[in-house]
Amino acid sequence: MKKVFLLVTCGAILLACNNEKNQSETSSAADTTAKSTVDLPYKAAYSSSWSNDVSDADLKTVLMLYKDWADNNMTGLASAMADTVEIDMASGDHMKKSNADLMKMWTTNRDSLSSVKIDMAGWNKMYSTDKKDAFIVTWYDETDTYKNGKVDSASYHDINQMKNGKISWYAQYKRPKK
């Protein structure tokens, strides 16, 4: 009985060692495959070379932008934006505005609201290694309560391009909630 137990134990040890070797061989094969060139049906027009090498300070700037909007802190909002900002709005409008003109537009919009609630679902720091551009993308739900009592809520996906610690381009995508 002791010999059978010893044989089973030795067999289990050999199988365990063999599995580790197979797993590392599989991992090596997967790593090689990931690095190989795959014939894809599209080529990225902007970049397909990304890392998450974006500073935490830039991330904080972007997240504070949303908090400042919710808190109606337009001074804080203005400090996050570059001197000139390009914007692609969820409505399809594209504009390039000075920081001052952008704040006038956003102040008018924010003044129509009695409250803003933002539930941040997530974010991702993205750095284009070939273009040398930093982006922070966000996903969140926003509930706006207007001064007339109307409530509007939607899910958003925003792209914030960072240059020198400021947002220089902003794109917004919106899905209204029902």
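Derivation of every value follows stated rules applied to the coordinates shown; laboratory data play no part. Keep in mind that this is a model prediction, so the values were computed, not measured. Ideal geometry is used to build each Cβ from the backbone, glycine not excepted, and the neighbour counts take in all protein chains shown.
One table, with the values for the structure above:
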{"read-out": "Qualifying aspartates and glutamates (Cα of each under 12 Å from Cα of Lys178; at least 8 residues distant if same chain)", "value": "Asp152"}
{"read-out": "³J(HN,Hα) computed for each position of region 150-161 - Karplus, 6.51 cos²θ - 1.76 cosθ + 1.60, integer Hz, glycine/proline x", "value": "5, 10, 10, 9, 7, 9, 10, 10, 10, 10, 10, 8"}
{"read-out": "Karplus 3J(HN,Hα) series, Hz, for region 137-146 with 6.51 cos²θ - 1.76 cosθ + 1.60 (x for Gly, Pro)", "value": "9, 10, 10, 7, 10, 10, 10, 9, 10, 7"}
{"read-out": "Estimated vicinal HN-Hα couplings, Hz - region 57-72 in sequence order (Karplus 6.51, -1.76, 1.60; Gly, Pro = x)", "value": "5, 5, 4, 4, 4, 5, 5, 5, 4, 5, 5, 4, 4, 5, 8, 6"}
{"read-out": "Relative exposure of Thr143, Thr108, judged by other C-beta atoms within 10 Å (fewest first)", "value": "Thr108, Thr143"}
{"read-out": "Segment Ser51-Tyr173, extension gain: residue separation times 0.36 nm, minus the distance between their alpha carbons", "value": "41.6 nm"}
{"read-out": "Efficiency of FRET between Thr145 and His94 - r from beta-carbon atoms, R0 41 angstrom, step 0.05", "value": "0.90"}
{"read-out": "Exposure proxy order (Cβ contacts within 10 Å, fewest to most) of Ile136, Ile159", "value": "Ile159, Ile136"}
{"read-out": "Size of electric dipole in region 50-176: Cβ of Lys, Arg +1 and of Asp, Glu -1, about Cα centre, debye, nearest 20", "value": "140 debye"}
{"read-out": "Geometric extent, Cα atoms of region 50-176 - Rg, Dmax (angstrom)", "value": "14.3, 49"}
{"read-out": "Neighbour-count ranking [beta-carbon atoms within 10 angstrom, fewest first] of His94, His157", "value": "His94, His157"}
